[in-house]
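This report refers to the structure that appears directly beneath it.
The values are calculated or read from the model by the stated rules, or taken from the named source; none is laboratory data. Keep in mind the model is a prediction, meaning the values are calculated, not measured. Note: ideal-geometry Cβ built from the backbone for every residue, glycine included; neighbour counts use all protein chains shown.
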Amino acid sequence: MKTTDNLYLDTSALIKIYIDEADSLMLRSKIVGHNLWIGQIGILEFYSAVFKKERTKSITKFEADLIIESFKFDIGKFKIIHLSSDVLQVSLKLIQKYRVDGLRTLDSLQIASALSNTEIGKIISYDNLFNKIVGLEIKKKKCRFIPFQN
């Protein structure tokens, strides 16, 4: 497979695979046949995002449990980029570099995970600040990203 067949999904994209939101259908159709990569931190963020939707009554407890079970069943379909000292170092540098932009810790870990892996061909996110920073950082790599706006 070509590098462009390797897609990194941040949590805003990952959640759209499992929960119907704006652009969910489009995203699901675009990822078919690609290798899907997520950061290890994305697993925690996914659970948190699902439970937030339950707390805010966007979904029921039954739906939340079903989504989590589906994700656990599918986890083997994703290639996972584990947190490493290199990822943590890149994350720290990103937080320092983009401190006035308000880069959050988990987003910095997601960006660092995606940028640390040379096999990633495209990065998909629906987070505007995430996309802005990836756009600035991506110039350093032979990688592109697909900025989806909220």
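Scanning region 72-91 for residues that are aliphatic (A, V, I, L, M) and either within 16 Å of D10 (Cα to Cα) or at pLDDT 95 or above (or both) returns I75, I80, I81, L83, V87, L88.
Just give me the residues in region 10-25 being in a helix (DSSP H, G or I) and without any contact (Cβ under 8 Å) to a residue 40 or more places away in the chain, in sequence order. Correct list: L14, I15, I17, S24, L25. Here region 26-70 is the region considered, the condition is being outside any helix (DSSP H, G or I) and either in contact with a strand residue (DSSP E or B) (Cβ under 7 Å, 6 or more places away or on another chain) or of a type in the set (F, W, Y) (or both), and the residue that is surrounded by the most Cβ atoms within 10 Å (Cβ to Cβ) is G39. For residues in region 116-132 being touching a helix residue (DSSP H, G or I) at 6+ places or on another chain (Cβ under 6 Å) and not acidic (D, E), which is modelled with the lowest pLDDT? By that ranking, first place goes to F130. Considering the conditions (1) within 15 Å of the chain's Cα centre (by Cα); (2) at pLDDT 95 or above, S24 is excluded by exactly one of them, (2). Among residues of region 82-135 being in a helix (DSSP H, G or I) and β-branched (V, I, T), the one that is farthest from N35 (Cα to Cα) is V100.
Among the residues making up region 94-123, those that are over 24 Å from N6 (Cα atoms) and either buried (at least 18 other Cβ atoms within 10 Å of the Cβ) or aliphatic (A, V, I, L, M) (or both) are I95, Y98, V100, L103.
The combined condition, being under 16 Å from the mean Cα position of the chain (by Cα), among the β-branched types (V, I, T), at pLDDT 95 or above and closer than 24 Å to D107 by Cβ, is not fulfilled by I59.
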